[in-house]
Amino acid sequence: MSATNTFETNLLKLLFQNVTLANVGDSTGIAGSSTAGSFYISLHTATPDETGDQTTNEATYTGVNRPAVARSTSAWTVVANVADNLAAIAFATCTGGSSTVTNFGIGSAASAAGNLFLYGTLTASRSVSSGIAPEFAIGALDVSLD
């Protein structure tokens, strides 16, 4: 089964921008949250898969963190089935150890297991070692549904 492009785009708007998904059920649709909150972006050394959580294969270098990104129209753009970050997503500088990052996750928690909602593979792996601060540049974190 597939979803239509319009539904995929509107579902991404609900998830990333907290915009009500109209005309699902009654005329009020699926309402955005009264308090939108944030997603927490995680880095992983292998895919966390569909059964994983935010700690599954998470990078373990010293200083690793999960930056918060607001669920809002000022933090994300959604066009043609793709959500993109509107500001750089900066991770803390590695102060020790190392990890080779191959995947990212989007979840509910700043730390601990948390619910992993979405995950993907980076276009190129990134070696993180002392002094390196990983970052997704503006528009570099693409999330699509298809």
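The values are calculated or read from the model by the stated rules, or taken from the named source; none is laboratory data. All of these numbers come straight from a predicted model, not from anything done at the bench. Positions of Cβ are backbone-derived with ideal geometry, glycine not excepted, and every protein chain shown enters the neighbour counts.
Here is how the numbers come out for the structure above:
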read-out	value
Single condition P48 does not satisfy, out of (1) in contact with a helix residue (DSSP H, G or I) (Cβ under 9 Å, 6 or more places away or on another chain); (2) in a loop (DSSP other than H, G, I, E, B); (3) modelled with pLDDT of 95 or more	(1)
Among the residues listed as V19, V101, V79, V69, the single one being β-branched (V, I, T) and in contact (Cβ under 8 Å) with a residue 60 or more places away in the chain	V79
Qualifying residues in region 1-35 (those that are modelled with pLDDT of 95 or more and of a type in the set (A, V, I, L, M)) - the one nearest to D142 (Cα to Cα)	L12
Residue that is nearest to V78 (Cα to Cα) [pool: residues in region 104-117 that are touching a residue at least 60 places away in the same chain (Cβ under 8 Å) and surrounded by fewer than 20 Cβ atoms within 10 Å (Cβ to Cβ)]	F117
Selection within region 88-103 - out of contact with any Asp or Glu (no Cβ under 7 Å at 6 or more places or on another chain), within 27 Å of S74 (Cα to Cα) and part of a loop (DSSP other than H, G, I, E, B)	A92, T93
